[in-house]
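Here the structure is laid out as structure tokens; the discussion comes afterwards.
The values are calculated or read from the model by the stated rules, or taken from the named source; none is laboratory data. This one's a predicted model, so the numbers in the text were calculated from it and none came from an experiment. Virtual Cβ from ideal backbone geometry, glycine too; neighbours counted across all protein chains shown. When the accessible area is computed, the model is the full protein with side chains, heavy atoms only, and any ligands, DNA or RNA have been set aside. Shrake-Rupley method; radii C 1.70, N 1.55, O 1.52, S 1.80 Å.
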Protein chains: 2
Amino acid sequence: MRIGELSSRSGVPVPTIKFYVREGLLPAGRLTSPNQASYDSGHERRLRLIRALLDVGGLSLAAIGDVLRVVEDPEQPVHKVLGIAAKRLTPLQGGESGPELEDARDEVAELLERRGWRAGADGPAGESLAEVVVALRRAGHGGFVELLDDYAAAAETVARADLDYVGRRVAREDLVESVVVGTVLGEAMFGALRRLAQADASARAYDGDRGRGGSIGPGDGSGKGGAGDEGNGSGKGAEVPRVDG
Amino acid sequence: MRIGELSSRSGVPVPTIKFYVREGLLPAGRLTSPNQASYDSGHERRLRLIRALLDVGGLSLAAIGDVLRVVEDPEQPVHKVLGIAAKRLTPLQGGESGPELEDARDEVAELLERRGWRAGADGPAGESLAEVVVALRRAGHGGFVELLDDYAAAAETVARADLDYVGRRVAREDLVESVVVGTVLGEAMFGALRRLAQADASARAYDGDRGRGGSIGPGDGSGKGGAGDEGNGSGKGAEVPRVDG
DNA sequence: GCTATCCGATAGTGGAACTATCTATGATGG
DNA sequence: CCATCATAGATAGTTCCACTATCGGATAGC
């Protein structure tokens, strides 16, 4: 197919496709003559992936380029792909350090220890988590950090599902792409679900319906000590706000 | 304090502070003379919040402005705040529609029904989820959609923790700010944890250590019960990749 | 008085993601 | 075979965003 058809099938304007080729995100078409090139379904697929990572995943073109280059390179060990995807996903690149960050790093290490996770606290993800903790404290919401264990429990559920999905892949390129898609688009998917679940939880609370058995009312409240003071003073009407999904 | 001190305490350059004031993100200092203004700890706190939402949360200044304006306006019903936070968080603003999107919306509605969530499938979060589903399919990863229920279970855990945190707030402004911080920074926190959990899960798989009782964490496997379904059917696919955390 | 700091305003910067325009060449249909 | 159209490749321009620089005048504090 020619570039015009590729454009209409993917919904990406022709100049933008050319731009992506220039930027090295998309391989050039196969030249059939000095001014004619043909593109195949691989190009179309690649283009859809780029748009998904860009529009839904919120990655920058530079980050997408890094990821795609690793996906394409069969030399690269698979475990590096996610490292890059993870790194480019975090908008932080290490601001100031200081004792706060040191403390946060220690806390992250403790969390990993506590949960028995075999993951380095010093990798990009651990570092990123430490920075989030610092940011929360700096913004005056250090209390939110108490939710770490609850969040970690949920993260285990999701990671299990992710790996299950990825584990079904056979071909290397498929596998790597699955990891990327799962990480990037999975984040968007979870974010949307989380807001829906918040809407539900607050609807229940608002209707005075919470704590009722299985579903979603605040259950036993938190793993770690401290986060779980269920009864919040109360008495003052509908304390927990209704939230729009 | 004067602007210089505010700058050094917050780590934000003076011209940037002025810029934020111009943009309406930060109230101007109280003028003590035609060319002298004084700032207080409220300004400092606001400044830290802006930087946290910007750097860690990845919100645009425009989005932060919208959120802050609602936070400040006591007229606004609380439930609208999260609606705005959620809307500004999704980088999508409704591309093409079409039958794919229709189908995805139906699926989202079914999911909500299945889980008994009291949340509108037609709100921003539901719409956003539908768009993610479409994007996954378009990118050739429709299979990932099968993980929706696992993801939803995890989202329930997180939403419960979020509401628990928010529920402890008393003052309205505190409450609203907690909702925003929890939604925005919580997303970053969960993302980092998820990557750590992925690293752990794949380390276990890589070491031939998987399938051990279906639990991925330490013995207790997390505090709360809600996230439920402990053993998902992993066990297929030997070559789960090692992933760098 | 002198210098450092400040206020407010205008203008400029650099990066990101395109978009427009141009030339030369080849494809396509009647 | 000729008019029209799409295409490759190249360069330059655009828009938005988040700042950053500079300036003129005023004041603080010594």
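Below are the figures for this structure:
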| read-out | value |
| --- | --- |
| Amide H within-cut-off set for residue B:38, under 5 Å, with H built and near neighbours excluded | B:30, B:31, B:32 |
| Part-to-part distance (alpha-carbon centres) for region B:9-63 and region B:164-181, which is given in Å | 21 Å |
| Derived scalar couplings ³J(HN,Hα) [region A:99-114; Karplus, 6.51 cos²θ - 1.76 cosθ + 1.60; whole Hz; x for Gly, Pro] | x, 4, 5, 4, 4, 4, 4, 4, 4, 4, 4, 4, 4, 4, 4, 4 |
| Residue-level accessible surface for residue A:18, protein heavy atoms, 1.4 Å, Å² | 110 Å² |
| Cα→Cβ-extended label distance, 7 Å offset, between residue A:75 and residue A:61, nm | 2.7 nm |
| Per-residue mean of C-beta atoms belonging to partner chains within 10 Å, peptide B:107-117 | 3 |
| Phi to ³J(HN,Hα) by Karplus 6.51 cos²θ - 1.76 cosθ + 1.60 over region B:193-204, Hz, x for Gly, Pro | 4, 5, 5, 5, 5, 5, 4, 5, 4, 6, 4, 4 |
| Delta accessible area of at least 50 Å² on complex formation, residues of region A:171-199, 1.4 Å probe, chain isolated as reference | A:187, A:189, A:190, A:193, A:194, A:195, A:196, A:198 |
| Accessible surface buried once B binds A (1.4 Å probe; total of both sides; Å²) | 10100 Å² |
| Pseudo-label separations to other copies for residue A:8 - Cα-to-Cβ vector, 7 Å, nm | 6.6 |
| Cα-based radius of gyration of region A:88-206 once divided by 2.2 N^0.38 Å, which approximates compact folds | 1.21 |
| Relative contact order (%) - criterion: Cα under 8 Å, at least six apart; region: region B:87-206 | 17 percent |
| Å² of accessible area per residue within region B:87-206, as computed with a 1.4 Å probe and no ligands counted | 33 Å² |
| Unit charges at the beta carbon, dipole of region B:87-206: most positive-side option, B:191, B:119, B:135 | B:191 |
| Label distances, nm, residue A:97 versus same residue in remaining copies, Cβ-directed 7 Å point | 5.4 |
| Derived scalar couplings ³J(HN,Hα) [region B:177-187; Karplus, 6.51 cos²θ - 1.76 cosθ + 1.60; whole Hz; x for Gly, Pro] | 5, 5, 4, 5, 4, x, 5, 7, 6, x, 4 |
